[in-house]
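Beneath this line is the structure, given in structure tokens, with notes to follow.
The values are calculated or read from the model by the stated rules, or taken from the named source; none is laboratory data. Since the structure is predicted, the reported quantities are computational estimates derived from the model, not experimental observations. So basically every Cβ, Gly included, is an ideal-geometry build from the backbone, and we count neighbours across all protein chains shown. Note: areas computed on protein heavy atoms with side chains; ligands, DNA, RNA excluded. Shrake-Rupley method; radii C 1.70, N 1.55, O 1.52, S 1.80 Å.
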Amino acid sequence: QVQLVESGGGLVQPGGSLRLSCAASGSIFSFNTMGWYRQAPGKERELVAVITSGDRINYSDSVKGRFTISRDNAKDMVYLQMNSLKPGDTAVYYCNAHREAYGGVYYNYWGQGTQVTVSS
């Protein structure tokens, strides 16, 4: 079975930095897409950044220029370097992994989430 485990969340001051890591285990095949989503209280879950196995990347406009996503395909890991953090970045951050198979069959996995709090 596939399991995604996030780490690196915590409490930081505005302008600070955090690096989130997500480790995937139990997968025989690599994931087509891995990424990060976040959800703040009273808000809908939103995309932060996604990266494909071919290193194509999409960022939310709100984090462009501040966050950097990367992945290690051999290790099935994805990272999110977060710089210049703002209070508005406060949310639970979830790791996501997605794999496409034949005939439109897909597999979608989520981590348990890690809390990021940006506050003075």
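In square nanometres, what is the average projected area of the Cα convex hull of the chain?
Average projection, Cα convex hull of the chain: 7.5 nm².
Based on the Cβ-Cβ distance of residue 28 and residue 58, what FRET efficiency does E = 1/(1 + (r/R0)^6) give at R0 = 25 Å, to the nearest 0.05?
0.40
Placing +1 on the Cβ of each Lys and Arg and -1 on the Cβ of each Asp and Glu in the chain, which of 36, 18, 57 has its Cα farthest towards the positive end of the resulting dipole?
Working it through, the farthest residue towards the positive pole turns out to be 18.
How far apart, in nm, are two points set 7 Å out from the Cα along the Cα-to-Cβ line at residue 47 and at residue 110?
Placing both labels 7 Å along Cα→Cβ, they lie 1.7 nm apart.
May I ask which residue of 84, 9, 70 lies farthest towards the positive end of the charge dipole of the chain, with charges of +1 (Lys, Arg) and -1 (Asp, Glu) on Cβ and the Cα centre as origin?
Final value for the positive-end residue is 84.
From the backbone phi of region 51-61, what are the Karplus-calculated ³J(HN,Hα) couplings (6.51 cos²θ - 1.76 cosθ + 1.60, θ = phi - 60°) in whole Hz, Gly and Pro given as x?
Couplings: 9, 8, 5, x, 6, 7, 10, 10, 10, 5, 4 Hz.
Please check: in the Gaussian network model of the chain (C-alpha springs, under 10 Å), which one of 69, 28, 51 has the largest mean-square fluctuation.
28
For the chain, what is the accessible area per residue in Å² when the probe is 1.4 Å?
Result: 56 Å² of accessible area for each residue.
Pick from 63, 48, 78: which residue has the top mean-square fluctuation in a GNM of the chain where Cα pairs under 10 Å get a spring?
Maximum among the listed residues: 63.
How large, in percent, is the carbon and sulfur part of the accessible surface of the chain at a probe radius of 1.4 Å?
Here carbon and sulfur together make up 47 percent of the probe-accessible area.
Could you work out which residue, out of 20, 47, 80, moves most in a Gaussian network model of the chain, that is, has the largest mean-square fluctuation with Cα springs under 10 Å?
47
Read phi for every residue in region 28-34 and hand back ³J(HN,Hα) as whole Hz from Karplus 6.51 cos²θ - 1.76 cosθ + 1.60, θ = phi - 60°, with x for Gly and Pro.
6, 9, 6, 8, 5, 9, 10
List every residue whose amide H lies under 5 Å from the amide H of residue 48, counting only residues 5 or more places away in sequence or on a different chain, with H placed 1.01 Å from N in the peptide plane.
36, 37, 38
For the chain, what's the relative contact order in percent, using C-alpha pairs closer than 8 Å and at least 6 residues apart?
Relative contact order of the chain: 36 percent.
Give me the extension gain from residue 70 to residue 100: residue separation times 0.36 nm, minus the current Cα-Cα distance, reported in nm with one decimal.
8.8 nm
Taking H as built 1.01 Å from N, whose amide H comes closer than 5 Å to the amide H of residue 113, not counting residues under 5 places away?
6, 95
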